[in-house]
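Here is the structure we will look at, set down as structure tokens.
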Amino acid sequence: MDIEVISEDKFGGETYKALFAEIMSDVGKAFHMEKASLVLKPEIPLFIFSVQLRTEHADKTIADVANIREEGDAIHITVTDERYAPEIMKELWERYGKSRVDQQTRFDIEVQGAGGTDIGSFIVASGEEYLKEIVGAVWRSLPEGIKNRHTFIDGKVITVVATEEILVPRMLNEGLEHHKRMTGAAKDV
């Protein structure tokens, strides 16, 4: 992930860059982020954290994360994105029961008596939950004590504007400009 830091304090900016990367990695969200821009103005205090995700948030179905083939009355599923394997198993167990779902290997699953169903359309990850997880990860990376936050979300870009003080229009406007820059809607901040 490419991380840009905008700060008057070079040492503090570099330290925060490393901290942000570590937090995103620890909570398993670094993989989902293409780039990030961190605006650090502790003297105000104002923090603007903007991230561009690799993909847009959307519901993920079994067909999105696995290959599916039907053989007679059985469905064979080969998981192609192992992050979703636990959710696939959970969904299949709920719908068919554990006795009809056989996990042959880590990535291969067979469901007996499921022929003719549209297993591929079963949702295994909610786009809304995905966004909540990313926003939560960004919030964790903010300095402790920051309570006032506003979040902008457009497509693949999430921007959080945060302060200990009251969020005034000037702060929100600055955050929106950074957000637009990350989405490509503005050239400069």
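Assorted remarks:
- Directionally averaged shadow of the stretch 1-86, computed from the convex hull of its alpha-carbon atoms, nm²: 7.2
- Using bins of 5 Å that start at zero, the share of Cα-Cα pairs per bin across the stretch 62-117 amounts to 4, 22, 34, 28, 10, 1, in whole %.
- Förster-model FRET efficiency, 41 Å R0, residue 147 and residue 56, C-beta, rounded to 0.05: 0.90
- Its residue count N fixes a reference of 2.2 N^0.38 Å for the stretch 92-161, and the Cα radius of gyration divided by that reference is 1.76.
- Projecting the Cα positions of 67, 166, 114 onto the charge dipole of the stretch 51-186 (unit charges on Cβ atoms of Lys, Arg, Asp and Glu, taken about the Cα centre) puts 166 furthest along the positive direction.
- Accessible area of residue 7 in the full protein assembly, 1.4 Å probe (Å², nearest 10): 40
- Set of lysines with alpha-carbon distance to residue 98 below 16 Å, sequence-local pairs under 8 removed: 90
- Rg/Rg_globular for the chain, with Rg_globular taken as 2.2 N^0.38 Å and Rg from C-alpha atoms: 1.31
- Computed lengthening from residue 22 to residue 69, 0.36 nm per intervening residue step minus Cα-Cα distance: 12.9 nm
- Cα-projected label distance for residue 118 with residue 44, points at 7 Å along beta-carbon direction, nm: 4.8
- Ratio of Rg to Rh over the stretch 122-189 (Cα coordinates, Kirkwood Rh, two decimals): 1.03
- Within the straight-line cut-off of under 28 Å between alpha carbons, the lysines reachable from residue 35 are 10, 17, 60, 132, 147, 156, 180, 187, sequence neighbours fewer than 8 places apart in one chain being disregarded.
- Protein-only accessible surface order, largest first, of 183, 163, 61 at 1.4 Å: 183, 61, 163
- Restricting the stretch 56-116 to GluC sites (Glu not before Pro) in coil, as DSSP defines it, with at most 14 other Cβ within 10 Å: 56
- A Förster radius of 35 Å combined with the Cβ-Cβ distance from residue 165 to residue 10 puts the calculated FRET efficiency at roughly 0.90.
The values are calculated or read from the model by the stated rules, or taken from the named source; none is laboratory data. Note that the coordinates shown come from a computational prediction; the quantities given were computed from them, not determined experimentally. Please note: Cβ atoms are built from the backbone with ideal geometry, for glycine as well, and neighbour counts cover all protein chains shown. Surface areas here come from the heavy atoms of the whole protein model, side chains and all, with no ligands, DNA or RNA. Shrake-Rupley method; radii C 1.70, N 1.55, O 1.52, S 1.80 Å.
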